[in-house]
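No value in this document is a laboratory result; all are computed from the given coordinates. Since this is a predicted model, take the numbers as computed values, not measurements. Don't worry about glycine lacking a Cβ; one is built from the backbone with ideal geometry, like all the others, and counts go over all protein chains shown.
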Amino acid sequence: MSDSAPPRAAELPRRPSLRRGHPSASTRLDRFLRWRDAKLRAWERWRADPWVELVDPGHLSGAERAALLARVQDANMVLYACRRPGQVTPSCLQQLGAQLGLRRVDPTPYADADGLSALRVGGGGEHEYIPYTDRRLSWHTDGYYNDPAHPVRAFVLHCAQAAAHGGESWLLDHELACLMLRDVDAGHLDALAQPDAMTIPANVRDGLELRPERRGPVLSSDPHSGRLHMRYTARKRFVIWSPRPEVQAAAACLDELLSASSSFVLRHRLEAGEGLVCNNVLHARSAFCDDRDSGSSRLVYRARYLEPVAAATPAMALAS
């Protein structure tokens, strides 16, 4: 896949028919079809207006907070635009997260003491990690290499300065991705929920283990909110899939869906003062070019959290 032709998720197949058979299977399918229809209606509602304008992200009005939460409930994400982008500070972003129920920060090696990372092209040790480069980011969810007991369930991105060229974000609600997988083969969800479906090798540098091997499911449910959680990366060099045929088939299907084209993927280049709040949806990013002479050097702040956005609606059961 080239940077000029970003991947997008595939169109949904036809609505599955309700086949009568074993009573429990019929009930599960009926429950899934009701969830499917409700999810697609919510997505259509969200697609019509995914944006919320904020006067001051550090001090949300009641209407602003309600609008943000409603969009996250519909599609697990919301885009926002600050009316006065030059006045947004890192502390405002931390306050924004707290107002949406995001308080437990996932620490990363290059984040500040409050868990906020400044994503820009750097020359230090962080330059070894793709988010700190101008290279294309393939499809993934944040923290796929975390201990499965401490998953990243939400994150906030805020653009302080856009690149001179490129840097387009591609976003896909992971619940829609699971819906598409379920439409292709109901067994794909069960396969990706297996406890050893995906292994991330240890991170070893100069003989020193910086992070141990991480093994766990791709799909799971938040025990508190009931929302569906996904850990995934399309970077084949950094993932070992279970050799079981059903897992291999499910992983190949997901890769194919993410490599195809569909209107279900939102594509947007964040400009200064714009941002994203989400329940760790699938996302990717095109390559970009900075122009330091003109001051167009991309700077995006990121905070990752161990809980989902507040007031989330229940997700479908993986067994459905």
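Annotation: of all residues in region 228-269 being part of a helix (DSSP H, G or I), of a type in the set (Gly, Ala, Ser) and surrounded by fewer than 20 Cβ atoms within 10 Å (Cβ to Cβ), the one that is nearest to the chain's Cα centre (by Cα) is Ser259. Could you give every pair whose Cβ atoms fall below 7 Å, whose first residue belongs to region 192-203 and is in a loop (DSSP other than H, G, I, E, B), and whose second residue is among the hydroxyl-bearing types (Ser, Thr, Tyr) and surrounded by 14 or more Cβ atoms within 10 Å (Cβ to Cβ), counting only separations of at least 6 or pairs across chains? Between residues of region 192-203 that are in a loop (DSSP other than H, G, I, E, B) and residues that are among the hydroxyl-bearing types (Ser, Thr, Tyr) and surrounded by 14 or more Cβ atoms within 10 Å (Cβ to Cβ), the close pairs are Ala193/Ser220; Gln194/Ser242; Asp196/Ser242; Ala197/Ser242.
Going by what's in this entry, would Arg71 be described as in a loop (DSSP other than H, G, I, E, B) and among the basic types (Lys, Arg)?
On the way: in a loop (DSSP other than H, G, I, E, B): no; among the basic types (Lys, Arg): yes.
So Arg71 fails the test.
Does Ala67 qualify as being more than 25 Å from Arg211 (Cβ to Cβ), among the small types (Gly, Ala, Ser), touching a residue at least 40 places away in the same chain (Cβ under 8 Å) and out of contact with any Pro (no Cβ under 9 Å at 6 or more places or on another chain)? Spelling it out, it is not the case that Ala67 is more than 25 Å from Arg211 (Cβ to Cβ), among the small types (Gly, Ala, Ser), touching a residue at least 40 places away in the same chain (Cβ under 8 Å) and out of contact with any Pro (no Cβ under 9 Å at 6 or more places or on another chain).
Looking only at residues that are touching a strand residue (DSSP E or B) at 6+ places or on another chain (Cβ under 6 Å) and basic (Lys, Arg) in region 178-216, which one is farthest from Ala249 (Cα to Cα)? Result: Arg211.
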